[in-house]
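Q: Would you mind keeping the following structure in view while I ask a few things?
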Amino acid sequence: MIISIVLIMIMSVPPSLAIEVDGIKSVGEWNEDWNWNQTGEKSFPIGNRLAMWQEGIELDNDPKNDSGPDYDDSMAQAGESSGYDIMRFYSAYDPATDTAYGLVQVYGLCADLDGDLDPNNDCLAFGDCDGIGPAEIIIIHFIQDSLGTDIRIDVQDNNVAVDNPALAGKVNIAWNLDPNNFIEDPDDNTQPRAVYEFSMAEFTSSGLFSRDAGDSPIEIKLTAGGLEDIPGEDKASAFLWFPTPKIDIEKYVQDINGNWLDADSPRGPKLVNGTTAYWKYVVTNTGDDYLIDVAVDDDIVGSITCPQNTLNVGESMTCFKDGSIPDDCPDYENLATVEGYGAVSGIKVTDADPAHYYCDIPALTPAGLMALIGILGMIGIVGLKRRD
């Protein structure tokens, strides 16, 4: 459950989330369609719904009554569903406050291990007279290899214990103990009834977690249930993958036959003095993050108008520009650049590509020829006088 708290780290959600850690999944507080790359599928719109894993099997929703070593037992001994029977996870990250949020939906009522929809009845058996008792536990273990982070959080006996002092006092947790206040449809026991909500302050500033592109994913292992292991805990794992935005630009120049050439090296194709040069710019999203604010520029001809300013993963667009070739036409080079921003990561990406062309030495016009003859004549006269 606390797992969701960490998945948030990777997601760049708008800065005003309005999430209240109160153990209630309020309307509009969590987005049902959040789903950026939790199952290896990279999609847009972005979000942070988490797909879970159990023994290498991908799960969109964790099945009901899948506790125990063979994942086929129910912890609910006195009713339909235990409040430790996990269904799904969500998370969110507020960059404005550097706070991570998590929500875990469960099939039963929070802190109700035996499933009778009355947590207080667990008092004699499990000691949880006012919530999560000493014989009930939620364990979140998450690892980020690139930072060497390996942290465990235990929620037991209504207490949150973090094994790393950098996170001590920064975790907040809330759950709903009211059997008359179901979060979902109380008549449909295949759907979640209640939630645990979490928050963690100073999430990235702690230095323990990173959501920078290129860092390794975070593996989150969740165990929830009773310490007596009757019939067994509910277990699930998840992996948070970090988006790595990339962009590529290829610039082409059109030759006199209408062919587009990737004229990276000088001298490039031969063009005609005093005519028009045509360039083509092909921009491609080569990363795994949706790109926004994509802009193309040329160091000589200026800003390039393109058909759009966003690019989905793997998407390309083509832009065009033309310019006048001067009569004197020296060997020519101009450099195209592109920039954009990852919608999930917020990381800026850039690329550049040159193009070249050249022309013949310009032929003399009649006036130029007469001027040249005049100059040569003057040189000849001066030479004769000096000889005399």
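The values are calculated or read from the model by the stated rules, or taken from the named source; none is laboratory data. Here the structure is a predicted model, which is why all the values come from computation and not from measurement. Don't worry about glycine lacking a Cβ; one is built from the backbone with ideal geometry, like all the others, and counts go over all protein chains shown. When the accessible area is computed, the model is the full protein with side chains, heavy atoms only, and any ligands, DNA or RNA have been set aside. Shrake-Rupley method; radii C 1.70, N 1.55, O 1.52, S 1.80 Å.
Q: How much of Asp22 can a 1.4 Å solvent probe reach, expressed as accessible area in Å² and rounded to 10?
A: Asp22 exposes around 50 Å² with every protein chain in place.
Q: Here is the link list: Lys246/Lys270; Lys170/Lys235; Lys25/Lys64; Lys251/Lys348; Lys64/Lys221. Which ones come out longer than 23 Å on Cα distance?
A: Exceeds cut-off: Lys246/Lys270; Lys170/Lys235.
Q: Taking the solvent-accessible surface of protein heavy atoms with a 1.4 Å probe, what is the per residue accessible area of the range 235-365 in Å²?
A: Value for the range 235-365: 48 Å² per residue.
Q: Under 8 Å for C-alpha pairs, at least 6 residues apart: give me the relative contact order for the range 260-347, rounded to a whole percent.
A: The normalised contact order for the range 260-347 reaches 38 percent.
Q: How high is the relative contact order of the range 67-124? Use alpha-carbon pairs under 8 Å, at least six apart in sequence, and give a whole percent.
A: It comes to 36 percent, rounded to a whole number.
Q: In whole percent, how big is the carbon plus sulfur part of the accessible area of the range 204-322, probe 1.4 Å, protein atoms only? It would help to have the intermediate numbers written out before the result.
A: Values: 2480 of 5430 Å².
For the range 204-322, the apolar C and S fraction of the accessible surface comes to 46 percent.
Q: For Phe182, what is the net charge nearby, where nearby means another residue's Cβ is under 11 Å from its Cβ and Lys, Arg count +1, Asp, Glu -1? Mind showing how you got there, number by number?
A: Values: positive: Lys25, Arg193; negative: Asp178, Glu184, Asp185, Asp187, Asp188.
So the surrounding residues net to -3.
Q: Roughly how many percent of the accessible protein surface of the range 67-116 is carbon and sulfur, given a 1.4 Å probe and a whole-percent answer?
A: 40 percent
Q: Once you keep just the Cα pairs under 8 angstrom separated by 6 or more residues, what percentage relative contact order results for the range 134-198? If you can, show how the numbers build up before the last one.
A: Working: 79 pairs, mean separation 13.7, N = 65.
This gives 21 percent for the range 134-198.
Q: Still on this structure: Given the C-alpha atoms of the range 235-306, compute the convex hull and give its volume per residue in Å³.
A: 136 Å³
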